[in-house]
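J.: After the structure tokens below, expect a handful of questions from me.
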């Protein structure tokens, strides 16, 4: 089973942060992936990724609309950057592209 982790954040830190996280989680689970998405929003960090989550991940998705806090913890991992809008609206396509990318690795 593939494991996806990620962090979503948007400039206002409200709706899109959570819409993107939910869309990525739904799409990944639909494809049989293990998934955990941390949100960095207006009310702070939620669903925080542990060191164990990071260590066991096959790939990391980060939204690129605003700087992700503590991004250095993902050093050495395969990182894919998308906009928060792409994550919210195109999550199934993103997951399919990740599967193709990982299959070729």
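J.: Within the stretch 59-82, can you find the residues that are touching a helix residue (DSSP H, G or I) at 6+ places or on another chain (Cβ under 6 Å) and farther than 14 Å from residue 9 by Cβ?
T.: The answer is 59, 73.
J.: Here's something else I'd like to know. Quick check on my filter: what residues within the stretch 3-39 are surrounded by fewer than 23 Cβ atoms within 10 Å (Cβ to Cβ), assigned to a loop (DSSP other than H, G, I, E, B) and either at pLDDT below 95 or within 10 Å of the chain's Cα centre (by Cα) (or both)?
T.: Answer for the stretch 3-39, where residues must be surrounded by fewer than 23 Cβ atoms within 10 Å (Cβ to Cβ), assigned to a loop (DSSP other than H, G, I, E, B) and either at pLDDT below 95 or within 10 Å of the chain's Cα centre (by Cα) (or both): 11, 12, 13, 14.
Yes/no matrix, rows are residues, columns are (1) under 12 Å from the mean Cα position of the chain (by Cα); (2) surrounded by 16 or more Cβ atoms within 10 Å (Cβ to Cβ):
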site: 65; (1), (2): no, yes
site: 81; (1), (2): yes, no
site: 85; (1), (2): no, no
site: 90; (1), (2): no, yes
site: 93; (1), (2): no, no
site: 100; (1), (2): no, no
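J.: Looking at (1) closer than 24 Å to residue 31 by Cα; (2) touching a residue at least 24 places away in the same chain (Cβ under 8 Å); (3) in contact with a strand residue (DSSP E or B) (Cβ under 8 Å, 6 or more places away or on another chain), find the lone condition where residue 45 falls short.
T.: (1)
J.: Kindly provide the set of residues from the stretch 59-93 that are under 16 Å from residue 31 (Cα atoms) and in a helix (DSSP H, G or I), ordered by number.
T.: 87, 91, 92, 93
J.: Could I ask something else about it? Which condition number does residue 76 fail, the rest of (1) without any contact (Cβ under 8 Å) to a residue 24 or more places away in the chain; (2) buried (at least 21 other Cβ atoms within 10 Å of the Cβ) being met?
T.: Evaluating residue 76 over (1) without any contact (Cβ under 8 Å) to a residue 24 or more places away in the chain; (2) buried (at least 21 other Cβ atoms within 10 Å of the Cβ) leaves (2) as the failure.
J.: Do we find a residue being closer than 16 Å to residue 72 by Cα and buried (at least 16 other Cβ atoms within 10 Å of the Cβ) anywhere in the stretch 40-47?
T.: Yes: one or more hits.
J.: Is one or more of the residues making up the stretch 48-58 assigned to a helix (DSSP H, G or I), touching a helix residue (DSSP H, G or I) at 6+ places or on another chain (Cβ under 8 Å) and within 23 Å of residue 1 (Cα to Cα)? Spell out the reasoning first.
T.: Step one: of the stretch 48-58, the residues assigned to a helix (DSSP H, G or I) are 51-56.
Then keep just the ones that are touching a helix residue (DSSP H, G or I) at 6+ places or on another chain (Cβ under 8 Å); that gives 51, 54.
If we keep only those that are within 23 Å of residue 1 (Cα to Cα) too, we end up with 51, 54.
Yes: one or more hits.
J.: Among the candidates 96, 100, single out the residue that is out of contact with any helix residue (DSSP H, G or I) (no Cβ under 9 Å at 6 or more places or on another chain), more than 20 Å from residue 9 (Cα to Cα) and not in a loop (DSSP other than H, G, I, E, B). It would help to see each step written out before you state the result.
T.: Numbers: 96 fails: out of contact with any helix residue (DSSP H, G or I) (no Cβ under 9 Å at 6 or more places or on another chain).
Answer to the selection: 100.
The values are calculated or read from the model by the stated rules, or taken from the named source; none is laboratory data. Just so we're clear, the structure is a prediction, and the values are computed from it rather than from any experiment. Neighbour counts run over all protein chains shown; Cβ positions are idealised from the backbone, glycine included.
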